[in-house]
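Engineer: Okay, here's the structure, questions in a sec.
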Amino acid sequence: LGPERPERPQVVSHVQQALSYTVFDCKWVPRSARLLCLGSAARGTGVVQLYELHGARLELLREIEKPKPIKCGTFGATSLQQRYLATGDFDGNLNIWNLEAPEIPVYSVKGHKEIINSIDGVGGLGIGEGAPEIVTGSRDGTVKVWDPRQNDTPVANMEPVQGESKRDCWTVAFGNAYNQEERVVCAGYDNGDIKLFDLRTMSLRWETNIKNGVCSVEFDRKDINMNKLVATSLEGKFHVFDMRTQHPTKGFAFVSEKAQKSTIWQVRHLPQNRDIFMTSGGSGSLHLWKYEYPAQRSKKDLEGSKMGVAGSLSLLQNVTLSTQPISSLDWSPDKMGLCVCGAYDQTVRVLIVTKLNKI
Amino acid sequence: MPLWLREHSWRQTLTAVYLSLPLRGARATPANIFCSEQYLKVSIPPFLFEAVLYAPIDDTNSTAKIGNGNIFFTLYKKEPAMWDSLTLANADKEKLQYLRENAVLKAQEKAKEETEAKKITKQEHKKYALEATMKLEEAERKRIEDLKEKERQKVAKELELWKNQQKDGDKCKSIQAKEELHQEIEPLKERKNEKRNKTRIPNEGGSKTRPKSTRGCSCSIFSQDLKEEQLPAPRAAATIKVNFTPRVFPTALRESRVAEEEEWLHKQAEARRIINSDLSELEDLKEEEKNPEWLKDKGNKMFAMGDYLGAVNAYNLAVRLNNKLPLLYLNRAACHLKLRNLHKAIEDSSKALELLTPPVPDNENARVKAHVRRGTAFCQLELYTEGLQDYEAALKIDPKNKIIEKDAEKIRHLIQGTMPSS
């Protein structure tokens, strides 16, 4: 099947917007055609820009400047009415902003000693159950979970043992939030460690090492019994773990793929179909993948304990948009196939992926 | 001498000459026939037939048929006229020769022209073919572009549609919610006050008065309060301690110089295992005194206390047990420096540096110390240039060390100070 055949999903570049700052993260504002770009201006301050999609162009609605460059943001822990943005900045501060009144944050804490590399939120947007929580992962090697109702101290803190030399945490993700008590946090580190923390039992549930630094982890859905986890790393590799069956020694079954010669910066699952996800690479390319489940998802090993069986991956489409890494990617939760990506060539692009409903 | 074929027969019409030539058993191919405007030759070794024709003929259209032991020529005359004879009767040898040569030349020219013409036509055909393929590919590309364009437009239209729907939806909802709020705010306020005054009414009462605007997009304080009751309390704070995958070298795969590091590790492991066990005086030593590590620690302690001679003894014994541990030499060099045994200090630092190959980040500290100690020894022996070399080597490994920098500067000044006078 050639890439031009009409049955395959096509990635159509809808709008391109040049920015005057480095964009680190871009997010759709839920229930709207607006998107946010977060980044760092040349003079070392943080920038938040709110755009609205008008036909074939993006209209800048609002620009907010903050003292420190902003690395990441999420709407995951906010309600649909409020739509507050939680951001992590280069100084280790976690802030939650009301974009209508952005002068003073609704919540602010100096959560980490170094830059917050990654942030995720759960419990908001009408998805899932349980308290809204935000998790931040930082270069200081710690992963902290915050509840916006509790000031100053995190509700969970995953930190290195005393005396252990720290490893940068590069990415965090929530998962398994299918009822009010259950939550897990998955964290990826720069030495290839992936750790799964169970917040109900406050313990380490699983860990593994994939040899190369982990750039991005994401569960296919945060609010269901954990199903699949994708972890991307340097040198073009990513792993898809089947999280339904945990073997006592072998952990979770996985399938891995080496796709792009360069780092895979982000993975994002399609909100409307949890078996389709897109990876963005350091060579400025996007790959659209589909996961196919095996005939039997679990089997018994020689001792009789259950172990998972990993499925297979097929590449649906790939496209190269830029010469610089595409560092951030976000699907719109409201319109299937609409996504925004930000690249280090100071451009944000709105893309439409067609025919996803036919897969 | 060729055999002349003379038994030919011919007849003619106004426009053509028909010549029949029996071959007497020889086999003819087109290559044997040579014909030009006025000269005809058939050469099948050893047979030869030639004729200088009475009048010029049109040699391109004339034909020769080979078969039945016979060649049958059909020669079309250039000028329709009756020939007196087939050949020129009064042709002398020279004329014949001239005609022959002429004929050959003409034939050659013709052949050249023909090849030229063929080449040209071939090129034209090629060009044509190329253009045709290019056009096809262009068409294909255009078709794909059009498909993509169509997709784009379709998708853009859908997007607009969806966006407008969103906007309208939002507007409706907000208007609705505002109205409802206005309606409900007054009675609810009263009820809330009542609730506060009485003791806690069971939740059912609260749920009945829940305003309908929770499904709308604007919020009221009432809806938020009630919603908070449904959320669990913030988690009890706890800490989970993590360990990271141990690696001897604290760099990720991409940064490590694996081969060299492996070598260094191997060397270290080897060194630790060596025990020079063939020293008979060791019999009366205690068990722990035979352990080079323990002896090194003892030496370090004595150095810290100021007992340099004792430390040297400890290191000496350790070296006798295991002469491959670089740190022993390094520490002994420090002792010798303190004891002003400068030559021995230099020796030991050099030995330590020898053992600290290959240079990897793990033994950086040790190498810096070795260079500094050797540099100091050189300077105290007033060999400032050698000393400076060592200090600069140390600085190369650890450029951020201010003390080394300062000392290196001092040595430089000393050298410059002593230069003019010496």
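Engineer: Only one of B:Leu40, B:Leu130, B:Leu48, B:Leu147 is surrounded by fewer than 11 Cβ atoms within 10 Å (Cβ to Cβ) and either at pLDDT below 85 or not in a loop (DSSP other than H, G, I, E, B) (or both). Can you tell me which?
Structural biologist: B:Leu130
Engineer: Kindly provide the set of residues from segment B:284-306 that are at pLDDT 85 or above and part of a loop (DSSP other than H, G, I, E, B), ordered by number.
Structural biologist: B:Gly306
Engineer: Give me a count of the residues in segment A:323-359 that are in a loop (DSSP other than H, G, I, E, B) and closer than 22 Å to B:Val155 by Cα.
Structural biologist: Of the residues in that region, 9 qualify.
Engineer: Are any residues in segment B:12-36 farther than 17 Å from B:Gly69 by Cβ and open to solvent by 60 Å² or more (accessible area, probe 1.4 Å), and if so, which ones?
Structural biologist: Scanning segment B:12-36 gives B:Leu14, B:Thr15, B:Ala31.
Engineer: Determine if segment A:7-15 includes at least one residue that is assigned to a strand (DSSP E or B), in contact with an Asp or Glu (Cβ under 9 Å, 6 or more places away or on another chain) and either within 12 Å of chain B (Cβ to nearest Cβ) or not charged (D, E, K, R) (or both).
Structural biologist: Yes: one or more hits.
Engineer: Where in segment A:238-315 are there strands (runs of 3 or more DSSP E), lying fully within it, with 1 or more residues that are out of contact with any Phe, Trp or Tyr (no Cβ under 9 Å at 6 or more places or on another chain) and within 29 Å of A:Gly76 (Cα to Cα)?
Structural biologist: Once the strands (runs of 3 or more DSSP E) in segment A:238-315 are filtered for at least 1 residues that are out of contact with any Phe, Trp or Tyr (no Cβ under 9 Å at 6 or more places or on another chain) and within 29 Å of A:Gly76 (Cα to Cα), what remains is A:264-270, A:273-281, A:285-292.
Engineer: Only helices (runs of 4 or more DSSP H) wholly contained in segment B:320-422 count here; list those with 3 or more residues that are surrounded by fewer than 17 Cβ atoms within 10 Å (Cβ to Cβ) and aliphatic (A, V, I, L, M).
Structural biologist: Details: elements: B:326-338, B:342-355, B:364-380, B:384-397, B:402-421.
The qualifying helices (runs of 4 or more DSSP H) are B:402-421.
Engineer: Scan segment A:211-232 for residues that are facing another protein chain (nearest Cβ under 10 Å) and open to solvent by less than 40 Å² (accessible area, probe 1.4 Å) and jot them down.
Structural biologist: Of everything in segment A:211-232, those that are facing another protein chain (nearest Cβ under 10 Å) and open to solvent by less than 40 Å² (accessible area, probe 1.4 Å) turn out to be A:Asn212, A:Gly213.
Engineer: Look at A:Gly124 and say whether it is modelled with pLDDT under 90 and open to solvent by less than 10 Å² (accessible area, probe 1.4 Å).
Structural biologist: Numbers: modelled with pLDDT under 90: yes; open to solvent by less than 10 Å² (accessible area, probe 1.4 Å): yes.
Criteria met by A:Gly124.
Engineer: Of the residues A:Asn191, A:Asn179, A:Asn151, which is modelled with pLDDT under 90 and within 25 Å of A:Ile276 (Cα to Cα)?
Structural biologist: Going through A:Asn191, A:Asn179, A:Asn151 in turn, just one is modelled with pLDDT under 90 and within 25 Å of A:Ile276 (Cα to Cα): A:Asn179.
Engineer: I need every pair where a residue in segment B:107-132 that is within 28 Å of B:Leu40 (Cα to Cα) has its Cβ under 8 Å from the Cβ of a residue that is assigned to a helix (DSSP H, G or I) and open to solvent by less than 100 Å² (accessible area, probe 1.4 Å), sequence separation at least 6 or different chains.
Structural biologist: Partner pairs satisfying both residue conditions: none exist.
Engineer: Taking only segment A:129-156 into account, find how many residues are over 22 Å from A:Asn98 (Cβ atoms) and open to solvent by 40 Å² or more (accessible area, probe 1.4 Å).
Structural biologist: 3
Engineer: Tell me yes or no: at least one residue of segment A:121-132 is within 19 Å of A:Gly175 (Cα to Cα) and among the acidic types (Asp, Glu).
Structural biologist: Our first condition is that a residue be within 19 Å of A:Gly175 (Cα to Cα); within segment A:121-132, this holds for A:121-132.
Subset that is among the acidic types (Asp, Glu): A:129.
Yes, because at least one residue in segment A:121-132 is within 19 Å of A:Gly175 (Cα to Cα) and among the acidic types (Asp, Glu).
Engineer: Being assigned to a loop (DSSP other than H, G, I, E, B) and at pLDDT 80 or above, is that true of even one residue in segment B:91-112?
Structural biologist: No: zero hits.
Engineer: In segment A:132-155, which residues are within 7 Å of chain B (Cβ to nearest Cβ) and under 20 Å from the mean Cα position of the chain (by Cα)?
Structural biologist: Scanning segment A:132-155 gives a single hit, A:Asp147.
Engineer: How many of the residues making up segment B:22-37 are assigned to a strand (DSSP E or B) and either of a type in the set (A, V, I, L, M, F, W, C) or under 23 Å from B:Asn102 (Cβ atoms) (or both)?
Structural biologist: At the first step, the residues of segment B:22-37 found to be assigned to a strand (DSSP E or B) are B:22, B:33-35.
Applying the additional criterion that residues be either of a type in the set (A, V, I, L, M, F, W, C) or under 23 Å from B:Asn102 (Cβ atoms) (or both) yields B:33-35.
The total comes to 3.
Engineer: Within segment A:179-193, how many residues are facing another protein chain (nearest Cβ under 10 Å), over 23 Å from A:Phe90 (Cα atoms) and open to solvent by less than 10 Å² (accessible area, probe 1.4 Å)?
Structural biologist: The total comes to 1.
Engineer: Let me ask something additional. Please go through (1) within 20 Å of B:Asn61 (Cβ to Cβ); (2) among the hydrophobic types (A, V, I, L, M, F, W, C); (3) within 52 Å of the chain's Cα centre (by Cα) for B:Ala81 and return the number of the only condition it doesn't satisfy.
Structural biologist: Here B:Ala81 clears every test but (3).
Engineer: Tell me which residues, restricted to segment B:346-381, are in contact with a Lys or Arg (Cβ under 6 Å, 6 or more places away or on another chain) and either in contact (Cβ under 8 Å) with a residue 60 or more places away in the chain or more than 17 Å from B:Trp264 (Cβ to Cβ) (or both).
Structural biologist: B:Ile346, B:Asp348, B:Ser349
Engineer: Select from segment A:156-178 the residues that are facing another protein chain (nearest Cβ under 10 Å) and either touching a residue at least 24 places away in the same chain (Cβ under 8 Å) or touching a helix residue (DSSP H, G or I) at 6+ places or on another chain (Cβ under 9 Å) (or both) and write down the one among them that is farthest from A:Gly213 (Cα to Cα).
Structural biologist: As a first pass, look at segment A:156-178 and keep what is facing another protein chain (nearest Cβ under 10 Å): A:156-162, A:164-169.
This time we only want the ones that are either touching a residue at least 24 places away in the same chain (Cβ under 8 Å) or touching a helix residue (DSSP H, G or I) at 6+ places or on another chain (Cβ under 9 Å) (or both), so: A:156, A:158, A:166-169.
Values: A:Ala156: 24, A:Met158: 19, A:Lys166: 14, A:Arg167: 10, A:Asp168: 9, A:Cys169: 9 Å.
That would be A:Ala156.
Engineer: Among the residues of segment A:134-147, is any farther than 19 Å from A:Tyr84 by Cβ and modelled with pLDDT under 90?
Structural biologist: No, the conditions are met nowhere in segment A:134-147.
Engineer: Oh, and also: Within segment B:56-83, work out how many residues are of a type in the set (A, V, I, L, M) and open to solvent by 20 Å² or more (accessible area, probe 1.4 Å).
Structural biologist: Within segment B:56-83, residues that are of a type in the set (A, V, I, L, M) and open to solvent by 20 Å² or more (accessible area, probe 1.4 Å) number 4.
The values are calculated or read from the model by the stated rules, or taken from the named source; none is laboratory data. Quick caveat: nothing in here was measured; it's all calculated off a predicted structure. Note that each Cβ is placed from the backbone with ideal geometry, even for glycine, and that neighbours are counted across all protein chains shown. Note: accessible area is taken over every heavy atom of the protein model, side chains too, but ligands, DNA and RNA are not part of it. Shrake-Rupley method; radii C 1.70, N 1.55, O 1.52, S 1.80 Å.
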